[in-house]
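I have placed the structure first, in the form of structure tokens, so that the comments after it can refer back to it.
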């Protein structure tokens, strides 16, 4: 059953029984689980005081390797909504669906123009890993995702629909303003290359005309041949900064930074403070490319 039909059925039930004011939380708010920390801000800014938001993957953990704990299953089973990333990021998705079959699922990846991880990626139906899952690092995707979250909340809780719409519009204005600021900040650097350990910034790079190079290859740490190739390429392009994530070991990045006479700079793609995190990332990239 698709999500639109599920939401429609829920709306009919709500009209007959009154609005939903509880998603299993003790304080009467709508319980929302989100796959990763960046979606916490999206849900809280739209839902305001009427929602309680919990990330499945905690701050500092990698969604690629994280496993749901038994202690999280209670929160999952009591939630009313799941904000899902999609694109194969949630290898534990079946556990969530099994624990709570009544969840309203908002899939952020729906309608996104996905970026292939490999040259031979298929049409999207070939399974986990064919496409880059880091879609939240596009402010354009964020704006569409916020609309989806607001629509779902207005269906779950129509009594507060006007407030959700107002919250949505206020947050969208901030997202649009930041997008314009970053566009202006990076405009003169279009076509520039930047070097990362884990290739998380493909959608950000596409939005602002940058080219991402990755030390990690095919989801694995680089072998000697790839390390030499990256070092040579970085030297040829004049790259002097290697960007790393706090979720990964910096050892290979430091080796390459030393070889090119450069430095290592941290970029966090999983900040729960989404607007601040995206602004900080743009700052770090603009300084590293200058």
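Where a number appears in this text, it was derived from the coordinates with a stated rule and is not lab data. Everything quoted here is computed from the prediction, not taken from an experiment. As a convention, Cβ positions derive from the backbone with ideal geometry for all residues, glycine included, and neighbour counts pool all protein chains shown.
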Query raised in the report: Considering only residues of segment 238-253 that are in a helix (DSSP H, G or I) and in contact (Cβ under 8 Å) with a residue 12 or more places away in the chain, which is surrounded by the fewest Cβ atoms within 10 Å (Cβ to Cβ)?
Result: 252
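Here is a yes/no grid of residues against (1) out of contact with any strand residue (DSSP E or B) (no Cβ under 7 Å at 6 or more places or on another chain); (2) in a strand (DSSP E or B):
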residue: 200; (1), (2): yes, no
residue: 206; (1), (2): yes, no
residue: 212; (1), (2): no, yes
residue: 233; (1), (2): no, no
residue: 236; (1), (2): yes, no
Requested in this report: Would you check which residues across segment 254-288 are more than 25 Å from the chain's Cα centre (by Cα) and either under 30 Å from residue 33 (Cβ atoms) or not in a loop (DSSP other than H, G, I, E, B) (or both) and list them?
Outcome: 254, 255, 256, 257, 258, 259, 263
